[in-house]
Amino acid sequence: MATTATTTTETDAAAEKTILDSLETRASELSIWELRQIEAKPKTAAGKAVDWLLRLLPLIVSLLIIAQYKFAPNFKEFKPLDKSKPTNLWVWFIGFFAAILLARVFISLFSLLENVRFRGDKNNSRWNRAILFSKRTSQKLRRNAPIYTAVFILLFAYDWATLKTGRLPQPYFPWPDAILNAMISDRVILWKSVWHSLILLFIGYSSGGLAGLVTGIAAGWSEKARYWVWPVVKVLGPIPSTTWLPIILIVASSLFGGSVFLIALGVWYPVTMTTMTGVLNIPKSNFEAARTFGATKAALIFKVAIPASSPFIFQGLTQGMSIACTALLVAEMMGVEAGLGWYINWQRGWAEFAKMYAAVIIICLTFFLVNALFSFIKKRVLRWKEGGVV
Amino acid sequence: MSERGSIEVRNLNKTFARLDSGGTLCAIEDLSLTVEPGEFVSIVGTSGCGKSTLLRVIAGLEMPTRGEVLCGGVPVTGTNPDRGLVFQEHTLFPWLTVRRNIIFALKSSKRLGANRAAVDTLIGKAGLSEFAGSYPHQLSGGMRQRASLIRSLAVSPDVLLLDEPLGALDSFTRMTLQDEIIRLWQERGNTMVLITHDVDEAVYLSQRIVVMSPRPGRVTEVVDVPMSYPRNRGSSDFTELRVKLLTALNFASEVEQEYNL
Ligand SMILES: Nc1ncnc2c1ncn2[C@@H]1O[C@H](COP(=O)(O)OP(=O)(O)OP(=O)(O)O)[C@@H](O)[C@H]1O
Ligand SMILES: [Mg+2]
């Protein structure tokens, strides 16, 4: 421990030590969390107070949101239409998160009891476990508190600027409660739209990715394939795939098929590029070692070339994902008569702004979840990489 | 001479195209060498004298420019799991754990069935039991080298070609592994060809030592080691052979100087 440790940190460290010792850990082997505790810088009393304030802050702001929504007067010129009267949905929604935050604060507070020891039972391991859990929760809450606070402040400000003061022009900026209600009332068609968009995205993305993988590996593997693939990639690559939309709308026999092609084309290009680069960059020794074991050509491709270039392939797949999402929305807004892009356009046509915003939020959520799933897979597949996955 | 595990190098010449200068580089010139089945042969020589190249040609990774190489009486035309090669730098696949690296080798050579049980035994012998599930970048340099070695051993090749397999190890681990190599060799009776920079290692391990001279690579001397195993590093025979080899190597490097002038 640092020589500058104050008395508080010393007692802390002592308490920490008793906890650690009493767990049935072997003396030399620390858990990852214990290691972090040891490596962490000691904190002063003032620093700790600030930490606790920060832990409470998101909860406070969320309560402020509810207070403003319930008790502040609404915008004077605002004449509620029948279907969009402010409801309690927003209170429940924010209240839900406030309740979770409250629970986490309580669990964190429990860690303050870490110096309490029961007489005759100094190494009560269940007690110690509870303290450890509480400390972990406390750390996590501290880490996430600033971003939670920022999000709640934004929601607070948005509610203020719309429902409470009308600073943002109405009815183009519906207040959050109206958006939530729109989501609920249109949930069936929204769900169908999400589903349709996801299917289109999945089919387009996977076929484009697969095609890119095939051409990329072929071009990386054989000079002859590279001779033919390279000019195609060079010419078609920099052109956004959505450029072809008008042609596809005319030529394609089905709009769905056309959109799949559009998305696939957008994914194909980056995957081909990075896969080819990846295969060309594989150290020759990898192939030579495999050959000395008698690996067949198929094994050299599937068991050596593909895994060895997988970091590059994932780079292309990541680029392809954002291209695919764009192409999906463009296709749905321009032609396909289903999906989230279509839904947005449709509601805009009817000046149903709350529903439009609901769709925007759902699009964000959907793409966020798709990307989270993608990063999860990527992390798992590339966990062999030195230094981890960025 | 057609028994499994024999090696016959006949008037081998290996010339590389030099991309930097547009010329050629003769790495091995008119080299002939015969290794009996089950024999343990070491190759020593200064850096750059074509030792690795010779091993790669025997393994079937490089084709001879002139001359031919026969293994078990059959001309070498490509790689074969019967001829294992442990590379100078470790060539473990970074995307596979130690155990999976070995299983890869067994699967590729279609020898998984009979050897699956032996995988963990081998890992244990190399002192890697705790790291069987680790990826190569999580291992130390010496551990990687050991893992490469047992990966090639797992396939049970008739001929095992070792390119400085113990180069990255501390002298103590090195000695332990040298004993382990001898034990495995005696147990399996396969042919061993070992490249080393360490004269002690060559004398301790092999039955015959081939001294090579550089540019172009040639065999300058072949020294027999008529000692029984296990050998005593302190014995007078041992020291005598060491001196003899060092003299031979010195001569070989003088040859190099002549060429350089
Ligand atoms: N693929 C290649 N292309 C061109 N030159 C090569 C190639 N491989 C080897 N050489 C050349 O052949 C010569 C012998 O190389 P080799 O790797 O066989 O040496 P070595 O005896 O194994 O040396 P060291 O003990 O340092 O490993 C060197 O001069 C090297 O530059
Ligand atoms: Mg070498």
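When the C-alpha to C-alpha distance is required to be over 32 Å, the pairs from A:Lys43/A:Lys378; A:Lys284/B:Lys110; A:Lys234/B:Lys51; A:Lys135/A:Lys164 that qualify are A:Lys43/A:Lys378; A:Lys234/B:Lys51; A:Lys135/A:Lys164. Taking chain B as a Gaussian network of alpha-carbon nodes connected by springs under 10 Å, the highest mean-square fluctuation of the residues B:Asp20, B:Asp200, B:Asp120 belongs to B:Asp20.
What translational D, rounded to a whole number of µm²/s, comes out for chain B from Stokes-Einstein when the hydrodynamic radius is the Kirkwood one over Cα pairs, at 10 °C and 1.306 mPa s?
Values: Rh = 19.0 Å.
The diffusion coefficient I find is 83 µm²/s.
Here the 3J(HN,Hα) profile of region A:159-168, calculated from phi with Karplus coefficients 6.51, -1.76 and 1.60 at θ = phi - 60°, is 4, 4, 6, 9, 5, 8, 10, x, 4, 7 Hz, Gly and Pro shown as x.
For region A:254-263, 3J(HN,Hα) computed residue by residue from phi via the Karplus equation (6.51, -1.76, 1.60; θ = phi - 60°) reads 10, 5, 4, x, x, 5, 4, 4, 4, 5 Hz, glycine and proline entered as x.
Mean sequence separation of contacting Cα pairs (under 8 Å, at least six apart), scaled by the length of region A:187-381, corresponds to a relative contact order of 28 percent. Relative to the longest principal axis of the Cα atoms of chain B, the long axis of helix B:236-260 makes an angle of roughly 60 degrees.
Consider all pairwise Cα distances in chain A and report the whole-number % of them above 36 Å. I get 51 percent for the Cα pairs in chain A exceeding 36 Å. Evaluating 6.51 cos²θ - 1.76 cosθ + 1.60 at θ = phi - 60° for every residue in region A:317-330, the Karplus couplings come out as 5, 5, 4, x, 5, 6, 4, 4, 5, 4, 4, 4, 5, 4 Hz, glycine and proline recorded as x. Considering only alpha-carbon pairs that sit under 8 angstrom and 6 or more positions apart, the relative contact order computed for chain A is 16 percent. Cut-off is 10 Å between beta-carbons; in what order do B:Asp198, B:Asp224, B:Asp179, B:Asp163 appear when sorted fewest neighbours first? Final ranking by Cβ density, sparse to dense: B:Asp224, B:Asp179, B:Asp198, B:Asp163. Working note: 222 nm ellipticity from helices only, DSSP H runs with n ≥ 4, each -39,500 (n - 2.57), summed and divided by the residues of chain B, gives -12000 deg cm²/dmol to the nearest 500. Computed over chain A with a Gaussian network model linking Cα atoms closer than 10 Å, the most mobile of A:Pro311, A:Pro246, A:Pro86 is A:Pro246.
Look at B:Thr53, A:Thr275, A:Thr44 and count the other Cβ atoms within 10 Å of each Cβ; fewest to most, that gives A:Thr44, B:Thr53, A:Thr275. Taking the square roots of five times each eigenvalue of the Cα gyration tensor of region A:249-390, the equivalent ellipsoid has semi-axes of 40, 18, 10 Å, listed largest first. By DSSP, the beta bridges lying fully in chain B are antiparallel in about 50 percent of cases. By definition, a body whose alpha carbon gyration tensor gives a ≥ b ≥ c is oblate when a/c is 1.5 or more and a/b is not larger than b/c, and region A:95-227 fits this oblate description.
Between B:Leu85, B:Leu70, B:Leu162, the Gaussian network model of chain B with springs among Cα atoms under 10 angstrom shows the greatest mean-square fluctuation at B:Leu70. The residues B:Trp95, A:Trp52, when put in order of fewest to most other Cβ atoms within 10 Å, stand as A:Trp52, B:Trp95. For helix B:141-154, report the angle its Cα long axis makes with the longest principal axis of the Cα atoms of chain B; keep it between 0 and 90° and round to the nearest 10°. Rounded to the nearest ten degrees, it is 80. Straightening the chain between B:Arg183 and B:Ser21 buys 53.7 nm, computed as 0.36 nm per residue apart minus the Cα-Cα spacing. Using only the Cα atoms of the protein assembly as shown, build the gyration tensor, take square roots of its eigenvalues as a ≥ b ≥ c, and label the shape rounded, prolate or oblate: rounded if a/c is under 1.5, else prolate if a/b is larger than b/c, else oblate. In terms of gyration-tensor shape, oblate.
Over region B:97-249, one equal point on each Cα, no solvent: what is log10 I(q)/I(0) by the Debye formula at q = 0.14, 0.16, 0.17, 0.19 Å⁻¹? For region B:97-249, the Cα-only Debye profile gives -0.76, -0.94, -1.03, -1.19.
FRET efficiency for the A:Val151 to A:Phe71 pair, using the beta carbon distance and R₀ = 25 Å, is estimated at 0.70. Here, region A:202-310 is characterised by an Rg to Rh ratio of 1.09, where Rg is the alpha-carbon radius of gyration and Rh the Kirkwood radius.
Computed per residue of chain A from DSSP H runs no shorter than four, each worth -39500 (n - 2.57), the mean residue ellipticity at 222 nm is -24000 deg cm²/dmol.
How much FRET efficiency would the formula 1/(1 + (r/R0)^6) give for A:Lys379 and B:Arg66, where r is the Cβ-Cβ distance and R0 is 60 Å, rounded to 0.05? For A:Lys379 and B:Arg66, the calculated efficiency is 0.70. The angle between the Cα long axis of helix B:171-188 and the longest principal axis of the Cα atoms of chain B comes to about 80 degrees, rounded to the nearest 10. Summarising the strand pairing of the protein assembly as shown, around 55 percent of its internal DSSP beta bridges are antiparallel.
Any read-out appearing in this document is the output of simple, stated calculations on the displayed coordinates, not a laboratory observation. The structure presented is a predicted model; accordingly, all values stated were derived computationally and were not measured. Here Cβ is always computed from backbone atoms with ideal geometry, including for glycine, and neighbour counts include all displayed protein chains.
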